[in-house]
Amino acid sequence: MKKKDIQKHIVDFLEEKKPILKKYKKNISKYRYLDDGQIDSLEIFSFIQKVEVFFKIKLKAIDTNSDEFRQVGGVVKIIANKIK
């Protein structure tokens with residue numbers, strides 16, 4: 001799966017509750033969805049589960065606690081590395 005396709009799915013997961021503001025979509029890979037409140041601390045568990053089930057991967061604490069995981073592009077990179 002291409003990174004572009006992974007990114008689309010991540011954005012779709014993040015927008016299930018509310019749309020991402022247009023100003024962030026210009027550079028969506030740098031979007032810090034947790035810092036912006038796109039999903040909260042309780043919703044993060046559901047997000048992680050959706051990612052794991054959809055992409056058939058297992059995210060470790062080292063993945064989800066990383067700064068990289070706080071950005072859309074970082075999540076895409078983590079997933080891409082796991083599904084190779």
task = Order the peptides 34-46, 71-83, 7-19 from the highest to the lowest mean number of other Cβ atoms within 10 Å of their residues.
result = 71-83, 7-19, 34-46
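Placing +1 at every Lys and Arg Cβ and -1 at every Asp and Glu Cβ, with all other atoms neutral, what dipole size does region 3-82 have around its Cα centre, in debye to the nearest 20? Spell out each step's value before the answer.
On the way: 18 positive and 12 negative charges, 81 e Å.
Once rounded to the nearest 20, the dipole reads 380 debye.
Can you give the helix-only mean residue ellipticity at 222 nm for the chain, where every DSSP H stretch with n ≥ 4 adds -39500 (n - 2.57) and the sum goes over all residues, rounded to the nearest 500 deg cm²/dmol? Walk me through the numbers on the way to the answer.
Working: 6 runs with 48 residues, N = 84.
Computed ellipticity for the chain at 222 nm equals -15500 deg cm²/dmol.
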ask   = How big is the gap, in Å, between the Cα center of region 30-45 and the Cα center of region 46-69?
value = 13 Å
request  = Please work out the FRET efficiency for the pair Lys30 and Lys58, using the Cβ-Cβ distance as r and a Förster radius of 25 Å; give the result to the nearest 0.05.
outcome  = 0.45
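Around Leu34, under 11 Å between beta carbons, what's the net of Lys plus Arg minus Asp minus Glu among the other residues? It would help to have the intermediate numbers written out before the result.
Details: positive: Arg32, Arg70; negative: Asp35, Asp36, Asp40, Glu43, Asp67.
Within the 11 Å Cβ shell, the charges total -3.
Which net charge results for the neighbourhood of Lys58, defined as the other residues with beta-carbon distances under 14 angstrom from its beta-carbon, given Lys and Arg at +1 and Asp and Glu at -1?
Details: positive: Lys50, Lys56, Lys60, Lys82; negative: Glu52, Asp63.
In short, +2.
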ask   = Among (1) 8.1; (2) 5.0; (3) 10.0, which one is mean projected area of the Cα convex hull in nm² computed from these coordinates?
value = (2)
message = Can you compute the label reach from Lys77? Point 7 Å from Cα along the Cβ direction, backbone N cut-off under 13 Å, restricted to region 18-35.
response = 29-31
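Every read-out reported here was derived from the displayed coordinates using simple, explicitly stated rules and does not represent laboratory data. Remember, it's a predicted structure, so these values are computed and weren't measured experimentally. Cβ sites come from the backbone with ideal geometry, for glycine too, and all protein chains shown count toward neighbours.
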